[in-house]
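Asks: Sending over a structure as structure tokens; questions will come in a sec.
The values are calculated or read from the model by the stated rules, or taken from the named source; none is laboratory data. Everything numeric in this text was worked out from a predicted model, so none of it was measured. FYI the Cβ positions are ideal-geometry reconstructions off the backbone, even for glycines, and counts take in every protein chain you see. Remember, those area values only see protein heavy atoms, side chains included, never the ligands or the DNA or RNA. Shrake-Rupley method; radii C 1.70, N 1.55, O 1.52, S 1.80 Å.
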Amino acid sequence: MVDGDALPPLREVIARYGLNAEKSLGQNFLLDLNLTGRIARCAGSLQGETVIEIGPGPGGLTRAILDAGAKRLIAIEKDTRCLPALADIAAAYPDRLEVVNDDALEIDETALFDGKAKIIANLPYNVATPLLIKWLGERERFSSLTLMFQKEVADRITAVPRTKAYGRLSILCQWLCETRREFDISPRAFTPPPKVTSTVVTLRPRETPLYPADQEVLEKVVAAAFGQRRKMLRASLKPLGKPAEEMLEKAGIAPTRRAEELTTQEFCALARVYADQ
Ligand code: SAM
């Protein structure tokens, strides 16, 4: 085999290697090559790029990333049953695909490449948010993250103030990255279909966070505020153990406002006051 065109259709691959979807591994496979191509394109040009894919499974998105021109693709898959199918893809795209049989939650993927990489993945839903939080901690090594989440998580990542989905994840992601909702994918596009709609989101880490603040302090203040999101801030910030009304006044925020009304800029102002108190 010399290229991806010679590879069998994904349904055949699944049958040949007995890849019955395993619920505990969040396995909902995408077999539509138009869709996998569309996801890969959300990451921008892949020419000359190193790409990390989490959970390649039978390899639909893997093939799309290689077809889009990625120079090097490191695919991390926990399920050993998928390895023979992925070995066939590696043979069809010589010297471009490396498959690592490991748990994405445990592995330090930044040790596998030099410089920067792009992450592209149809994530297993049960570990999607912890993986995103982990990558935000290593964001200087990633030029972009194009990730498929269940729609409800994508809503939280991209939410604006005064909406139900707005909260800790929205503030952390938007403070550290530019976030962009790409498109929704119906459950029918997957084998087997999940219960929920999926959404592709691209996050591009900022050179520096949007406003100055210490991350640990910001996360603490935001957690306290949203811990009791319906209460006024003068009450919800009490567990922080510093005079809430005084802090709010110094940050220029009315004490009667509620967590979901505050912008990232205002939370950063509050975090700076808290750190100085
Ligand atoms: N990329 C394939 C596709 O789009 O058809 C499969 C996506 S499926 C939603 C999630 C994949 O992640 C499965 O192949 C599953 O085995 C793998 N997976 C689940 N948990 C994992 C983990 N902790 N580390 C690495 N891979 C994992």
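Asks: Mind listing whichever residues of the stretch 97-126 are in a loop (DSSP other than H, G, I, E, B) and either under 29 Å from Pro193 (Cα atoms) or at pLDDT below 95 (or both)?
Replies: Across the stretch 97-126, the qualifying residues are Asp102, Asp103, Ala104, Leu105, Glu106, Ile107, Leu123, Pro124.
Asks: Give me a count of the residues in the stretch 239-263 that are more than 12 Å from Val221 (Cα to Cα), in contact with a helix residue (DSSP H, G or I) (Cβ under 8 Å, 6 or more places away or on another chain) and open to solvent by 50 Å² or more (accessible area, probe 1.4 Å).
Replies: 7
Asks: Tell me, please, whether a residue that is open to solvent by less than 30 Å² (accessible area, probe 1.4 Å) and under 14 Å from Asn101 (Cβ atoms) can be found in the stretch 29-44.
Replies: no
Asks: If you don't mind, another one. How many residues are open to solvent by 10 Å² or more (accessible area, probe 1.4 Å) and of a type outside the set (Phe, Trp, Tyr) if we restrict to the stretch 65-103?
Replies: 26
Asks: May I ask you to list pairs of residues, at least six apart or on different chains, whose Cβ atoms are under 8 Å apart, with the first in the stretch 40-57 being in the same structural domain as Thr80 (by TED's automatic domain parsing) and without any contact (Cβ under 8 Å) to a residue 40 or more places away in the chain and the second being open to solvent by 50 Å² or more (accessible area, probe 1.4 Å) and part of a loop (DSSP other than H, G, I, E, B)?
Replies: Going by the 8 Å Cβ cut-off, the qualifying pairs are Gln47/Lys71; Gly48/Lys71.
Asks: If you check Thr62, Thr80, Thr36, which single one turns out to be in contact with a Pro (Cβ under 6 Å, 6 or more places away or on another chain) and either within 12 Å of the ligand (Cβ to nearest atom) or modelled with pLDDT under 95 (or both)?
Replies: Thr62
Asks: I'd like to verify a number: residues in the stretch 124-143 that are among the β-branched types (Val, Ile, Thr) and within 9 Å of the ligand (Cβ to nearest atom), how many?
Replies: Here the count works out to 1.
Asks: If Gly48 satisfies all but one of (1) open to solvent by 40 Å² or more (accessible area, probe 1.4 Å); (2) more than 13 Å from the ligand (Cβ to nearest atom); (3) at negative phi, what's the number of the condition it fails?
Replies: All conditions pass for Gly48, except number (3).
Asks: Can Ser198 be described as in the same structural domain as Leu172 (by TED's automatic domain parsing), modelled with pLDDT of 95 or more and either farther than 30 Å from Thr36 by Cα or open to solvent by less than 30 Å² (accessible area, probe 1.4 Å) (or both)?
Replies: So Ser198 passes the test.
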